[in-house]
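Quick note: the coordinates plus some simple rules give every number you see, no bench work behind them. These numbers come from a predicted model, not from an experiment. No Cβ is skipped: glycine too gets one built from the backbone with ideal geometry, and neighbour counts run over all protein chains shown.
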Amino acid sequence: MNQHSGSRFIQTMAGIVLLLAGPVVASAAPPIKADSMGLSKSSVFSVPEPKAYDYPATQPGASKVLPRAYKDAPPQVPHSIDEFQPITAQMNMCAACHGQPALWGQKLEKGTPTPIPPSHYTDLRNAPGKVTQNLIGARYNCNQCHVPQTNAPALVKNTF
Ligand code: HEC
Ligand code: HEC
């Protein structure tokens with residue numbers, strides 16, 4: 001490498017460094033504040049104690065049914081389910097109270113469990129349209145679809 005090509009090399013390198021540094025300098029936006037990075041109102045560096053929220057303590061028969069989130073949505077459980085857990089192969093308290101096909105189509109008095117609907121007695125995969133005498137296995141674990149609600153406010157305001 002002679003002196004001439006050496007200085008050209010340095011010039012080229014300096015050019016590349018400027019090219020690389022250019023956009024960084026040009027787009028230097030003000031830094032994002034630590035307390036506006038997430039949904040939480042506090043800094044990303046703080047570890048706030050989560051608030052405790054309550055599930056309904058009302059017993060079945062003393063609660064009011066909740067509005068459906070949308071058409072055909074599984075209704076939310078309005079009463080406490082503490083005493084009815086866990087659902088096991090031997091014991092399903094939910095079905096014991098709600099499994100009342102005789103009440104289909106009847107006007108229910110207050111405090112009467114809403115009967116498990118005909119859709120839950122229909123094997124939608126193998127025999128859709130045929131209502132059987134038995135609760136279909138896919139509907140056995142009620143809490144897979146029906147859940148109680150806490151009194152927690154929505155994290156983000158929404159109209160859903
Ligand atoms: C002791 C009887 C009883 C047991 C056990 C019971 N429920 Fe209920 N459930 C009721 C009654 C009665 C209502 C009607 C609301 C009320 O009066 O509290 C109801 C309401 C509901 C509703 C709302 C229905 C609607 O029309 O919106 C759902 C869903 C529900 N229960 C699911 C469950 C699940 C899941 C379990 C088991 C974890 C369960 N229930 C256990 C009696 C019972
Ligand atoms: C795979 C999801 C799923 C499971 C599991 C399931 N359900 Fe449902 N349930 C639904 C959906 C969806 C609806 C609303 C549409 C309909 O009526 O079929 C519903 C409706 C209901 C209703 C309201 C009936 C009415 O006339 O308004 C009751 C009561 C109910 N289910 C009880 C139960 C119980 C008790 C169990 C457990 C033995 C159970 N469900 C298991 C999805 C489920």
* Asked: Long-range amide H contacts for GLY99: which residues qualify at under 5 Å (H placed 1.01 Å from N, peptide plane, sequence gap of 5 or more or a different chain)?
  -> ILE116
* Let me know the Rg and Dmax you get for region 76-160 when you use only its Cα atoms, in Å. => 15.3, 44
* Integer Hz, Karplus 6.51/-1.76/1.60 couplings in order for region 76-82, x for Gly and Pro -> 6, 7, x, 10, 5, 10, 3
* Between GLN133 and THR114, what length comes free when the chain is fully extended (0.36 nm per residue of separation minus the Cα-Cα distance, one decimal in nm)? -> 5.1 nm
* Structure fact -> Once ALA34 and ARG68 are pulled to full extension, the length gained, defined as 0.36 nm per residue separation minus their Cα-Cα distance, is 8.4 nm
* Structure fact -> Of 77-84, 142-149, ordering from highest average Cβ density within 10 Å down gives 77-84, 142-149
* **Gain on full stretching of the segment that runs from VAL44 to TRP104 - 0.36 nm per residue minus C-alpha separation** => 16.3 nm
